[in-house]
Amino acid sequence: MNSKEKIVILGGGQSAVYAAKEIRNYDNKVEITIISEENVLAYERPPLSKEYITNKKKLDDFIFFNSEFYSKNNINYLKNTKIINIDFQNKILFSQNNNQFLYDKLLVATGSLNRKIDPNIKNNYNKFLSLRNNEDSDNIKNKLKESKKVLIIGGGFIGLEIASSANELDKEVYVVEMNDQLMGRSIPKKISNLCKKIHEENGNKIYLNTTIKKINFYNNSYEIKLSNEEIIFVDLVILGIGSIANTELFKNKDIKIDNGIITNEYCETSQKDVYAAGDVSNFFHPFYNKYIRLESYQHAQNHGICAAKNILGIKEAYNSIPWMWSDQLNINIQLTGLCDDFDEILQRGENIEEGVIDFFIKDKEIKGACGIGVKGKIGRDIKLASKILEKKLKINVSNILDKNFNLSKMLKKV
Amino acid sequence: MNNENLNWHFVQDSDGIEDEDIIRFDLDDKTFCIYKLQDGFYATDGICTHEAVHLEDGLVMDDEIECPMHQGIFNIKSGKALSPPACDDLKTYPVKVEDNKIYIQIS
């Protein structure tokens, strides 16, 4: 790139800062500006629903890079800056406080926004808490201190992680999920049911196939009527009903959006010199030959790094095999690949203590694997599954089923 | 064993240990991992610096150990944290093999 060229990165999350770091690794001349709405430097999101709420970690413990890193690498980091309009033709971003930013190449890494769908929820939205950033997590943490009974609407990852943290803080926890399983968007039913059992064994009350029928608010406490006619009283309601790509800025703009900003395998959008990475992007995955939108730690980082290379003209297709985790109570859930297209499911491991992993097999190849186990017990096999599926190796059923068979041997045969 | 240095602790026999195997070793209230790599044995602290999980269940790839919980990666020989979410290095310890017996030096 021309050394005077300006790269602007919109968003202050993991994709954004890893993209900036990667650009600087290759090019020490180009101008890099990160524009973030948040008032703190980019930090890891996973602790917000867990260790931050339970006071085991402070924000400083999980900042990605400190301010010295940005100054040393000559990365201009603008906090508290909301962009409200964009002119693709002239390559200008307009901020709420009337500043303009010119770019030659733009990376959109605006992440996702919390979903607000249910009308019962919409009308009461301001009374409820939800989790997206560190300030939300502060609010939840403070409110939990003065609460005994907590209702979490939505049985996805965030809802269940907050349910775990609240349980750890000795709260009475209710989780209401409208679907017939927890974490239904990504986790297979059998694994999700094992997770439900652990929550219930720890005292959390889980309602499946249940919605909120009515909410009354009295003197700092809520009377909640569920669709099964049961009434529960709680003093805190937290929403965890999923998220959508944060594409607000691009409404009615000339850029293709469909469940996120559409990008090709090189992180390029339909608009010239505009790239997108992380949660906000619905990207083409050459390995799976389809478009995918992911919300995960590993993806946010790798996609940002890949976008950085392509911005600099180092053509690299994004082919990273999806992987994600969730920590709840004393268990760890992991998923690799995709678990939605298979001929058969092979179960490895019999119980939570040693770990249970379902392998999703099609044409004798692993397409995805998802497991649950006591912390540390599934990660090794999940990683090996990821490597085996990436290489498209044909599997031997008995090897997968035999917990004593070391899966790394499958890789060594090649 | 050379009794002149009492900081060497017997771990186990080295027979039958394959490359990329991990041996857990506990001493008092501390826990360690001993790794068999192609060029010998190496040792680090047993617990991942990111979150309290034992690395004995992790995956060894070349000279690296990957944490089984969040895929943080460390170099086994230097202890250096290579990939987030791990950011603090692991402490490393000398290991020797004498007469097919593995020893770790913990001072």
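Quick look at the numbers
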quantity: Mean-position separation - Cα centroids, region A:176-193 and region B:33-107, in angstrom; calculated: 36 Å
quantity: Using θ = phi - 60° and Karplus 6.51 cos²θ - 1.76 cosθ + 1.60, couplings along region A:17-26 (whole Hz; Gly, Pro as x); calculated: 6, 6, 5, 4, 4, 5, 4, 5, 4, 9
quantity: Value at 222 nm in deg cm²/dmol, rounded to 500, when DSSP H runs of n ≥ 4 in chain A each add -39,500 (n - 2.57); calculated: -7000 deg cm²/dmol
quantity: Averaged over B:48-59, number of beta-carbon atoms from partner chains that fall within 10 Å; calculated: 4
quantity: Within the protein assembly as shown, percent of DSSP bridges classed antiparallel, to nearest 5; calculated: 70 percent
quantity: Packing-based ranking, highest mean first, of A:296-305, A:347-356 given that Cβ atoms within 10 Å are counted; calculated: A:296-305, A:347-356
quantity: Among B:Ile102, B:Pro68, B:Pro84 the positive-end extreme of the charge dipole of region B:8-105 (Cβ point charges); calculated: B:Pro84
quantity: Approximate spin-label separation A:Glu168-A:Leu59, in nm, with each point projected 7 Å along Cα-to-Cβ; calculated: 2.0 nm
quantity: Hz values of 3J(HN,Hα) by residue in region A:373-384 - Karplus curve (6.51, -1.76, 1.60), Gly and Pro given as x; calculated: x, 4, 3, x, 8, 10, x, 4, 5, 5, 5, 5
quantity: All-pairs Cα distance distribution in chain A, expressed in whole percent, bin size 10 Å; calculated: 4, 21, 28, 26, 16, 4, 0
quantity: Anisotropy class of region B:1-75 from Cα gyration tensor, a/c 1.5 cut; calculated: oblate
quantity: Computed Rg/Rh of region A:252-395, alpha carbon atoms with Kirkwood Rh; calculated: 1.04
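Bear in mind that the values in this text are calculations on the coordinates, not laboratory data. What you see is a predicted model, and the numbers here were worked out from it, not measured in a lab. Here Cβ is always computed from backbone atoms with ideal geometry, including for glycine, and neighbour counts include all displayed protein chains.
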